[in-house]
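What follows is a short report on a single structure.
The values are calculated or read from the model by the stated rules, or taken from the named source; none is laboratory data. Quick caveat, the model's predicted, so the values are computed rather than measured. So basically every Cβ, Gly included, is an ideal-geometry build from the backbone, and we count neighbours across all protein chains shown. These area figures cover heavy atoms from the full protein model, side chains too; ligands, DNA and RNA do not enter into them. Shrake-Rupley method; radii C 1.70, N 1.55, O 1.52, S 1.80 Å.
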Amino acid sequence: MASEESTTMTPAPTRPQAPVRTDAADGTAEKKPPTRAWATRLVVVGIVLAALNLRPAITSLGSLLEEVRDGLGMSGTLAGLLTSVPPLCFAIFGVMAPRLARRFGPGAVVCAGMVAIASGLAIRPFLGGTAGFLAATALALMGIAVSNVLMPVIVKRWFPEKVGSMTGLYSMALALGTSMAAAVTVPMTDALGGSWRTGLAVWAVLAVVAVVPWVALVRDRGAGASAPASPSASASASAEHVSAAVQREDAGLRITRSRTAWALACFFGLQATAAYITMGWMPQIFRDAGVPAGEAGVLLAVTMAMGVPLAFVIPRVATRLPNQGPVVMVLGACGLAGYAGLYLAPAGGAWVWALLLGVSNCAFPLALTMVGMRAKSGVGVAKLSAFAQSTGYLISIPGPLLVGVLYQHSGGWELPIVLMAALMVPQIVVGILAGRNRTVEDEAAAAA
């Protein structure tokens, strides 16, 4: 559910004079495939539809968590475990994505991911019992995990000169899918008869639609998800692969030797902790404060919808700064203010707190932006993306579970909210460290 790269990271390619491209891997020349323009448009559609499907599995559940708990007989602790399943699956399956992409191609893996999302969402409400519900949820999250990691790779490969704007488009679609699921799940459930099972399963339809463009791209191998989008992209790809020595250097990159990589992984993990606590528990916080269920879902939608415009603006601002620390501090301050409001007057200022936490949650597109800015090459970006996301999601696993435990044992939301606010402080610190102007390749080479 995926890295943003600065447009300054890719050298401006030289346009060839004829519609012929040179494959750097074997030195042969071949004509530009006639389906290139068609495939490029289809990739854009595929990216948008895939991004729309990377969060509804989570936010739709958050809107109906109380009904699911009652229907499956879950305790507060077990519900907390359920909200920890997304980062756990993202950590486990996300690290597999680069290897799967090398074996089958990134487009084919994303296509399989969309199929997994559709299947998991369709069957999870009807398997019966908590174990079946968790297993089907994990299936859907597996598809989300591999797509999270590989979407930036596809964006870089197809649109090397428009990485900022394309990742902004992708982030906006992701935020739109997130907020849409939060806003309409409850009223849609009521319109479909009031069963939470139907209200959750209906989101499988959106995932089925997302499969279509990726199937077409995978079938068209010549113009599929492994080909550049234009002659300029072809030239960029050739420049990236022109030297076997550079390939070997990238392949031998030891990400774990970079302090920036670790800082970025921690930043990613802490912002993911805040995001999944918000998606899993914020509607319940408002409902326990006396806010109606429908309005609580809309408040979560407002929080998620803040990412629609800001996910496009923040990457552009961040790529123009040599150091992203100031952006980290602004987002962190909004988060601290939002948590303070939830603690003091959760219902009285609900809309204000939802807006502030929505701004704070835009640390996600900022993290994606910094992934692209902290690596020099496509291989470095892929490795850093997989490392930062997998490690980060591992870090985020205990947060939602601990919130559930504190809520059940304290009988209120004061302690959980204090925990959320406390975690924002180290998030700001490691974000400032990750935002420094340096690359993981240079740090790894110096450490070696």
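Numbers at a glance
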| read-out | value |
| --- | --- |
| Rounded if a/c under 1.5, otherwise prolate or oblate - segment 121-201, Cα gyration tensor axes | oblate |
| Glu66 accessible area, assembled protein chains, probe 1.4 Å, Å² | 60 |
| Overall form of segment 333-424 per C-alpha gyration tensor (a/c, 1.5; a/b vs b/c) | oblate |
| Potential extension, Val209-Tyr343 segment - 0.36 nm per residue separation minus Cα distance | 44.2 nm |
| Difference of contour (0.36 nm per residue) and Cα-Cα distance, Ser75 to Ala191 | 39.0 nm |
| Percent accessible area from carbon and sulfur atoms, segment 54-135, protein chains only, probe 1.4 Å | 66 |
| Three-way shape label, segment 81-125, alpha-carbon gyration tensor, a/c 1.5 | oblate |
| Rounded accessible area of Phe312 (nearest 10 Å², 1.4 Å probe) | 60 |
| In nm, spacing of pseudo-spin labels at Arg257 and Val313 (7 Å Cα→C-beta vector) | 4.1 |
| Computed accessible area, Arg257, all protein chains, 1.4 angstrom probe, square angstrom | 100 |
